[in-house]
Amino acid sequence: MKRLIFIAVALLGSVMVSRAQDIITTRSGEDIQAKVEEVSPLMIKYKRFSNLDGPSYSISTAQVVMIRYQNGEKDIFDGVPVNMAYSDGPVLEGLRYKQLKHIYNPKMYIRQYDDKYSPGWLGFASYVFPGLGQAIEGEWWRAAGFLVGNVILTSITSAGIDVHYTSVPGSSKTDADYDISTASVISALANVGLNIWSIVDAVRIAKVKNMYIQDLRAQRYGAGLDVRLEPFLASTPSPVRSGFTPAAGLSFKVTLPYK
């Protein structure tokens with residue numbers, strides 16, 4: 001009788017403990033006993049239930065089937081492998097560069113073969129004609145700003161240069177003397193700076209917009225082809241004796257992109 005009471009108490013205790021923790025079930029069949037801290041469209045942050053004062057861990061939502069919370073509620077994940085390259089959350093469509101520049105760091109840009117904009121060529125376009133790269137990228141106000149600034153500074157530079165021609169005695173040739181004002185020198189230097197800014201700006205816009213397009217593509221269609229080698233353990237019929245013999249090996253798993 002005491003033994004039955006002990007077993008009943010142990011079972012009741014295990015049930016109470018299981019209800020006091022969250023269970024993260026992965027696609028490989030593993031149950032992680034945890035205390036879930038945060039669930040985002042891409043990642044799940046949690047602490048191990050056996051060490052609640054320890055470090056926090058993260059797991060991709062693409063690897064998780066379900067979370068069973070301590071209050072009995074459940075979150076079920078469809079397994080769409082959204083692996084966005086740069087953003088740590090859902091990406092809204094239709095954003096403009098003035099918004100994107102606060103989200104993306106062009107230093108993190110990694111080129112993909114199907115990127116819409118070429119940073120090098122667009123920078124060269126703005127080198128040949130200030131604002132041309134921005135116009136190609138659809139940033140018309142920025143293109144107009146660089147163009148108008150270039151025209152104004154060029155006009156000031158030209159207006160500050162006076163040319164005087166004097167005849168050379170005994171010859172039909174003339175000498176040209178140039179008087180260059182301080183304002184002309186300053187405007188010329190400012191124009192050089194503006195042109196460099198136009199080149200850098202065109203390259204930056206191209207990188208940021210490419211990063212945004214890459215994230216939109218990843219969000220819409222999911223990650224690319226996923227190829228993995230995974231260990232497996234199986235039982236095979238034994239030719240020598242009756243029964244089965246355990247066999248271990250590696251399986252080649254290919255996951256096609258989500259459509």
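Note on Thr182 and Gln63: their simple-model spin labels are 6.6 nm apart, each label 7 Å out from Cα toward Cβ.
Here the simple spin-label model places points 7 Å from the Cα toward Cβ, and for Leu189 and Gln112 these points are separated by 4.5 nm. With each label modelled as a point 7 angstrom along the Cα→C-beta vector, the Thr154-Lys45 pair spans 5.2 nm.
What the Cβ-Cβ distance of Trp140 and Arg220 gives, at R0 = 30 Å and to the nearest 0.05, is a FRET efficiency of 0.65. What the Cβ-Cβ distance of Trp121 and Trp197 gives, at R0 = 25 Å and to the nearest 0.05, is a FRET efficiency of 0.85.
Among 202-209, 190-197, what's the highest-first ranking by average C-beta atoms within 10 angstrom per residue? Can you show the working numbers first?
Numbers: 202-209: 24.1, 190-197: 15.1.
Peptide ranking by packing, descending: 202-209, 190-197.
Phi angles of region 142-148 translate, via the Karplus equation with coefficients 6.51, -1.76, 1.60 and θ = phi - 60°, into HN-Hα couplings of 5, 4, 5, x, 5, 5, 4 Hz per residue; Gly and Pro are given as x.
Which ordering of Tyr69, Tyr97, Tyr46 is given by a fewest-first count of other beta-carbon atoms within 10 Å?
Tyr69, Tyr97, Tyr46
Here, each number is a calculation from the coordinates, and none is a lab measurement. Values in this document were obtained by computation on a predicted structure and should not be read as measured data. No Cβ is skipped: glycine too gets one built from the backbone with ideal geometry, and neighbour counts run over all protein chains shown.
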